[in-house]
Amino acid sequence: MNDASSCFMSANAKNSSQTKSLAQLAGAGKSIEKNIEKNTRKNLLLIVMGGIAAYKTPQLCRELRWRGFNLRVVMTKNASRFVSSEELARASGQAVSENLFAEQNLPQKLKKTPRQNTWQNSGQNTWQNTWQNTWQNHDENMAHIELARWAHIVLIAPATANGLARLAHGLCDDLGSTTLIALKREVPVFAAPAMNPQMWQNPATRHNIALLKEREVKMIGPCIGLTACGEVGLGRMSEPIEIANELELACLKEHLLEGVRILITAGATIEPIDPVRYISNKSSGRQGYALAKAFAERGAQVILIAGATLAQPPTSQRIKVIRTESAAEMARASIDCLTSASGQKAKKSEPVQVAICAAAVADFRPKKQFKLKPAKKTLAGKIDLLENRDILAEIATLPKGVRPQIVIGFAAETSYQIKEKLLAKQKTKKCDWLIANDVLNDDVFNSEFNRVQILDEKGRVEALPRMTKLAVAGRIADKVAEYLRDLEKLKKQKIEAKEKNSMMAT
Ligand code: CTP
């Protein structure tokens, strides 16, 4: 880390690896080699906007290339006031694209033979030639589409107040902004803002940042420090090494739970009394949906058993949504998935390693369901209830080989003096972890936020601060990844010890 970067604290420096130098990272040996291998497959598009911090982007390009990203750079007209395209081309190893329509934007290897030449040289006026040539020309004139299709990941650095405002409102009139609008929804976009502290605090900027975060544009920084205008405050662009580390972490995160299959129940269940009335609860299903998203983002294959909720389930190729309404339907769908995975059912699929029951399953259902709506007087005090199947307890007590390696329940509690209650619930349901949320003191239902405590298999409790449901889900997913890794290590050690013993015996 250079002197400048060590003087300023990154506003979002979350872990120590973000502050590691290239040399330290290189020292990490094999795992880093593996990272480079993985990142090499990633096409990273860097969009350089017109802020003074643009002078740092050649260094940023070197950091990113060192981490194995395939790099291409687009710069705005104003960016060229602070950094030259030649310097960026040298640092990125690719021609820099600046213009929306110019053919010279395309890297050499992608340049196609101009239509006229092909036309003249081929001497064959077949319809295929005509179509192909027109298409090629079309492609060359649409650099924004070509770049948007090429990019697996996009970084805007520096991201100016103007650039972020334009992105928030969908304005596009140059190559960078047009490419951003042309990106597929699943392409992650990162932005490293850089601006005067007052500009960063301005309500218009705050609003734009909130809009972009809602659309999952991830902000890296800014950090606190001396800005180019001489003011000290929040607005300085994060150091290139921190930006590159954060991107690398994001790419690694994608592989954290690769190959893991997980079943998640989410939302409330509905237990009909008659065609109009039903028993249900206040669950919005948002925490369960956030879990599905967080696990899919980390590479897991998710089976999401959704109950009754108005929220939209996350869309991802890694998430399969199964819709249910009543507790009985949810229980059937969940157990079916797990038993077919174990080969107990005719239709065999991969085993499921993790189950999280985040659904607020109605505890009871009416004994009798009326086909026609009865008058209220005939119902008052006459609805007999039957207890529903306990999905969590059923999953946790499935036989070995069918039971997921880790089974996690949620507990909506109305008091924070809950450790004993949780321990008792964990024991009765035979689950590994219980995640408790205080639904009395916190505004949890239908809210973006949650505050949870995690009781693990050893009876330890970790209390997390109030954070978004997606952040809670991320922490749970990371913790599960760690648990599975430890389990795998333990398994290996046992096998090694067994092999050692049998060798010694012979
Ligand atoms: N759960 C379940 N099936 C049920 C009831 C609950 O799978 N029929 C799961 C929930 O998804 C949650 C956990 O059990 O993960 C705990 O739910 P909670 O309502 O707190 O527990 P209950 O068993 O209903 O106990 P009580 O209401 O008495 O606290």
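Return yes when Ala308 is surrounded by 15 or more Cβ atoms within 10 Å (Cβ to Cβ), within 21 Å of Ser283 (Cα to Cα) and modelled with pLDDT under 95 and no when it is not. In short, yes.
Listed here are the residues, each with its yes/no results for (1) modelled with pLDDT under 95; (2) over 20 Å from Asn78 (Cα atoms); (3) charged (D, E, K, R); (4) not assigned by TED's automatic domain parsing to the domain that holds Ser80.
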| site | (1), (2), (3), (4) |
| --- | --- |
| Ala143 | yes, no, no, no |
| Pro158 | no, no, no, no |
| Pro193 | no, no, no, no |
| Leu211 | yes, yes, no, no |
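When you scan segment 191-216, how many residues do you find that are of a type in the set (A, V, I, L, M) and within 25 Å of Phe82 (Cα to Cα)? Walk me through it before giving the result.
To start, the set of residues in segment 191-216 that are of a type in the set (A, V, I, L, M) comprises 191-192, 194-195, 199, 204, 209-212.
Going one step further and asking which of them are within 25 Å of Phe82 (Cα to Cα), we end up with 191-192, 194-195, 199, 209.
Number satisfying all stated conditions: 6.
Would you confirm whether or not segment 429-451 contains a residue that is out of contact with any Gly (no Cβ under 9 Å at 6 or more places or on another chain), modelled with pLDDT of 95 or more and of a type in the set (Gly, Ala, Ser)? No, because not a single residue in segment 429-451 is out of contact with any Gly (no Cβ under 9 Å at 6 or more places or on another chain), modelled with pLDDT of 95 or more and of a type in the set (Gly, Ala, Ser). Of everything in segment 316-358 that is within 14 Å of Ala268 (Cβ to Cβ) and either in contact with a strand residue (DSSP E or B) (Cβ under 7 Å, 6 or more places away or on another chain) or modelled with pLDDT under 95 (or both), the residue that is farthest from the ligand (Cβ to nearest atom) is Arg323. Is it fair to say Leu464 is among the aliphatic types (A, V, I, L, M) and crowded, with 18+ Cβ neighbours inside 10 Å? Criteria not met by Leu464. Checking each residue in segment 290-319 for being within 17 Å of Ser334 (Cα to Cα) and among the aliphatic types (A, V, I, L, M) picks out Leu291, Ala292, Val302, Ile303, Leu304, Ile305, Ala306, Ala308, Ile319. With respect to the stated conditions, Ser283 is over 22 Å from the mean Cα position of the chain (by Cα), buried (at least 24 other Cβ atoms within 10 Å of the Cβ) and in a loop (DSSP other than H, G, I, E, B).
Whenever a residue of segment 82-101 is assigned by TED's automatic domain parsing to the domain that holds Ala143, its partners that are in a loop (DSSP other than H, G, I, E, B) and of a type in the set (Asp, Glu), lying with C-beta atoms within less than 9 angstrom and at least six residues away or across chains, give the pairs Ser85/Glu98; Glu98/Asp174; Asn99/Asp174; Leu100/Asp173; Leu100/Asp174.
Report yes if Val439 is assigned by TED's automatic domain parsing to the domain that holds Lys282, crowded, with 16+ Cβ neighbours inside 10 Å and closer than 26 Å to Ser326 by Cβ, otherwise no. Lay out the reasoning, then the answer.
Details: assigned by TED's automatic domain parsing to the domain that holds Lys282: yes; crowded, with 16+ Cβ neighbours inside 10 Å: yes; closer than 26 Å to Ser326 by Cβ: yes.
Yes.
The values are calculated or read from the model by the stated rules, or taken from the named source; none is laboratory data. Computed from a predicted structure; not experimentally measured. Cβ coordinates were reconstructed from backbone atoms using ideal geometry, including for glycine residues, and neighbour counts include every protein chain displayed.
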